[in-house]
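Following: one structure in structure tokens, then a few remarks.
The values are calculated or read from the model by the stated rules, or taken from the named source; none is laboratory data. Treat the numbers as computed from the prediction; the structure is a model and nothing was measured. Quick reminder, even Gly has a Cβ in these numbers, built from the backbone with ideal geometry, and neighbours come from all protein chains shown. Remember, those area values only see protein heavy atoms, side chains included, never the ligands or the DNA or RNA. Shrake-Rupley method; radii C 1.70, N 1.55, O 1.52, S 1.80 Å.
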Amino acid sequence: TGALRRSVFVERTERGSRVGASMEYAAALEFGATGAGKSRNVTILPRPFMRPALDATRDRLGDVFRETVVTRGR
């Protein structure tokens, strides 16, 4: 449905920026979970989506932050 993708956010903090996803199941997908589901006997295997994105763009992060500051005027 694209809900998880739409829930990804970036916010400024006093120390820099914070990236996350606001959907309640985002952490379970990223890291996996045990004891999930109505009967609490479901195991969810990890299906990372944030870490691979970070790994794929790590070399460009400095450029992305600089472009964002210039575009948004700090």
What is the mean projected area of the alpha carbon convex hull for the chain, to one decimal in square nanometres?
6.6 nm²
Signed unit charges on C-beta, dipole axis of the chain, positive-most listed residue THR57, PRO46, THR1
THR1
Normalised contact order of the chain, rounded percent, pairs of Cα under 8 Å and 6 or more residues apart:
17 percent
Residue-level accessible surface for ARG47, protein heavy atoms, 1.4 Å, Å²
150 Å²
Scan around ALA21 for amide H atoms under 5 Å from its own, H built in the peptide plane at 1.01 Å from N, and keep only partners 5 or more places away or cross-chain.
PHE9
With bins of 5 Å, the percent of all Cα-Cα pairs of segment 1-42 per bin from 0 is 6, 18, 21, 18, 17, 10, 6, 3, 0
For helix 61-72, what angle does its Cα long axis make with the longest principal axis of the chain, in degrees from 0 to 90 and rounded to 10?
60 degrees
